[in-house]
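As structure tokens, the structure follows; a few thoughts come after it.
Readers should treat all values here as calculations from the given coordinates under stated rules, not as data from a laboratory. Source: prediction; values computed, not measured. Here Cβ is always computed from backbone atoms with ideal geometry, including for glycine, and neighbour counts include all displayed protein chains.
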Amino acid sequence: MVDTVLFEFLHTEMVAELWAHDPGPGVSAGLRGEEAGATKGQKMSLSVLEGMGFRVGQALGERLPREMLAFREELDVLKFLCKDLWVAVFQKQMDSLRTNHQGTYVLQDNSFPLLLPMASGLQYLEEAPKFLAFTCGLLRGALCTLGIESVVTASVAALPVCKFQVVIPKS
Amino acid sequence: MAVCIAVIAKENYPLYIRSTPTENKLKFHYMVHTSLDVVDEKISAMGKALVDQRELYLGLLYPTEDYKMFRKLHNSYTDVMCNPFYNPGDRIQSRAFDNMVTSMMIQVC
């Protein structure tokens, strides 16, 4: 039980620390800054978080499938992410997996543990994306170890429900 | 029991390669490359049959190998991956990995 809390606290601190240097959209940037939204520093922080998640995902992708069956196709890999990887990291399974069978998968978590303590509804919606960057990297890293190049993005409509979109380009 | 051990990355370059000093190194490097082709064949030929952990081993390339050796190798490789100081794609320089490989090769020479 304690392990989950440890990771949540660590993750929260990681985000807070990276954001401490770029508190809000550029105050002195003027009109252009406000239109751009996230500053360059914030985008860098998002990349750093995603990169961290990626490295962790790579290691997890190697360690987790030990007792599990070899993967026959892409869908099996995605199922592995939704069940085994999610359970190992968040102690619950992904709530839904949808695909268009053309390489795009949408993984939905209706009570994402990293967003759960924050709010329930629309409050803090703008803050939510930075708490999803690490997890996007995690998914991308695990896929990379399993031999799949992908692009992973996340979106939140209302906390704590979030969707991770995995796009696997066809070669 | 083993005369040559190699770990090959996804991009087909060696992350780690070691052979017993008495044998010709070049010959082994060639053998490693040809075995990569065999690996590719086996992967593309895989059907939807029921598989178990041993499939990670892709079956025996030659009938005399011991799959327990492969398991030890894979476990050590996983430990290397989990080392925060190791960047995936680098040559493997872990002493623990070296020791494990030595223990697998020691029975031959």
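At least 2 residues that are β-branched (Val, Ile, Thr) in each: list the helices (runs of 4 or more DSSP H) lying fully within region A:70-171 that qualify. Break it down into steps so the answer makes sense when it comes.
Working: elements: A:74-80, A:86-90, A:133-145.
Helices (runs of 4 or more DSSP H) meeting the threshold: A:86-90, A:133-145.
Among A:Leu139, A:Leu143, A:Leu114, which is the only one that is hydrophobic (A, V, I, L, M, F, W, C), touching an Asp or Glu at 6+ places or on another chain (Cβ under 9 Å) and under 21 Å from A:Glu13 (Cα atoms)?
Details: A:Leu139 fails: touching an Asp or Glu at 6+ places or on another chain (Cβ under 9 Å); A:Leu143 fails: under 21 Å from A:Glu13 (Cα atoms).
Checking each option against the conditions leaves just A:Leu114.
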